[in-house]
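Here's the structure we're looking at; comments come further down.
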Amino acid sequence: MKQSYSTKELAEMWEVSESTVKRWADAGALPCRKTVGGHRKFELDDIVEFQSRCGLAKSQAGGRHSESPCEFKHLLETADYPALAARFRQAALAGQFAFVAMLFSRSREYGISLATIAEEIILPAMREVGEMWRTGKISVLDEHLATLAIIEALAVLQSGAEKKTEAERLALVGCAEGELHQLAVMLVRDLLESNGWRVIYFSSPTPLFSFAEAVDRFKPQLVCISITMADNIERARRDYEELRRAADRHHTKVILGGAALTDDAVRARFPESIYAGSLQDLLDLIQK
């Protein structure tokens, strides 16, 4: 079932009363469903569409999020990544999807690589978003909307990118079972595609034994798996041997990444895999 949100969460995000949100819903302007107990529940796609249509983006989401064309051009020309990451975070939290997409596109026009955009702009901004959520400064809905803004902006960026796919280079990309976020592996997918790889992308968290089955079926040259949560290490290690054997049968390289694998002792539990600590590491590996 899709993630849904309450009347109270929307009222807090848009800084209106709960009665106002209920009136919008009852008038049919803001789609919702009602639980058995009569509580309204709102889905993310409907929230985003309504917010965009009614101009309800939060102006307080992290501060100022508009600047003159000259100022923005200066940030790009000087590669001021901390400032660009701050603008990105503000726009994503404010629900300014078009601005986020424009930031990505302009960055590419200035010759900034996708790996650099991810490492220097997206990931620092989203770490700050995560910290804001952890300390109660924003709601989980704010965090989800910011993530959705990135996903949609990446889709726009990739749709306009020229792809030179080499049929013989195939990669499987996904995150391990139990993971909560897909953003990192989406960036891996886009990076590989922009470098000529065909990608089979697992859009839901996937057990490693299922990756093994996919290796036997598709015989890829590469498998990239993200494991960010330490709680998932034991389960991943339990299933890894099956994946390792499948990779050995088909001469497939297995690349692992994610916050749960930063310790050498943990990585040693996944023999014959290659560790990529960043997208730039991954880029270096595939270019070899």
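The values are calculated or read from the model by the stated rules, or taken from the named source; none is laboratory data. Predicted model, so just to flag it, every value in this text is computed and none were measured. Please note: Cβ atoms are built from the backbone with ideal geometry, for glycine as well, and neighbour counts cover all protein chains shown. These accessible areas exclude ligands, DNA and RNA; they are computed on the full protein's heavy atoms, side chains included. Shrake-Rupley method; radii C 1.70, N 1.55, O 1.52, S 1.80 Å.
Each residue in segment 258-272 was checked for being buried (at least 21 other Cβ atoms within 10 Å of the Cβ) and either in a helix (DSSP H, G or I) or under 24 Å from the mean Cα position of the chain (by Cα) (or both), and 2 pass.
Can you confirm whether K58 is farther than 30 Å from L285 by Cβ, at pLDDT below 80, of a type in the set (D, E, K, R) and surrounded by 19 or more Cβ atoms within 10 Å (Cβ to Cβ)? Against the criterion (farther than 30 Å from L285 by Cβ, at pLDDT below 80, of a type in the set (D, E, K, R) and surrounded by 19 or more Cβ atoms within 10 Å (Cβ to Cβ)), K58 qualifies. The residues listed here are A155, A161, A125; of these, the one that is assigned to a helix (DSSP H, G or I) and modelled with pLDDT under 90 is A155. Reported count of residues in segment 104-125, each being farther than 19 Å from E193 by Cα and crowded, with 22+ Cβ neighbours inside 10 Å, is 2. Selection of helices (runs of 4 or more DSSP H) fully inside segment 182-257 by the criterion of at least 3 residues being over 20 Å from I151 (Cβ atoms) returns 208-218, 233-249. So D190 ticks every box in (1) out of contact with any Cys (no Cβ under 9 Å at 6 or more places or on another chain); (2) modelled with pLDDT of 95 or more; (3) surrounded by 17 or more Cβ atoms within 10 Å (Cβ to Cβ) but one. Which box is left unticked? Here D190 meets the rest and fails (2). Given I286, I233, I274, I227, which one is of a type in the set (A, V, I, L, M) and within 20 Å of S113 (Cβ to Cβ)? Step by step, each of I286, I233, I274, I227 is checked, and only I286 is of a type in the set (A, V, I, L, M) and within 20 Å of S113 (Cβ to Cβ). On the given criteria, is D281 surrounded by 22 or more Cβ atoms within 10 Å (Cβ to Cβ), closer than 28 Å to I151 by Cα and of a type in the set (D, E, K, R)? No.
Looking only at residues in segment 215-239 that are touching a Gly at 6+ places or on another chain (Cβ under 9 Å) and among the aliphatic types (A, V, I, L, M), the one that is most open to solvent (accessible area, probe 1.4 Å) is M229. Take the conditions (1) in contact with an Asp or Glu (Cβ under 6 Å, 6 or more places away or on another chain); (2) open to solvent by 10 Å² or more (accessible area, probe 1.4 Å); G196 misses just one of them, which is (2). Looking at A171, A153, A176, A149, just one residue is closer than 24 Å to Q3 by Cα, in contact with a Pro (Cβ under 7 Å, 6 or more places away or on another chain) and surrounded by 23 or more Cβ atoms within 10 Å (Cβ to Cβ), and that residue is A176.
For segment 28-46, the criterion of being modelled with pLDDT under 85, in a helix (DSSP H, G or I) and buried (at least 16 other Cβ atoms within 10 Å of the Cβ) is met by no residue.
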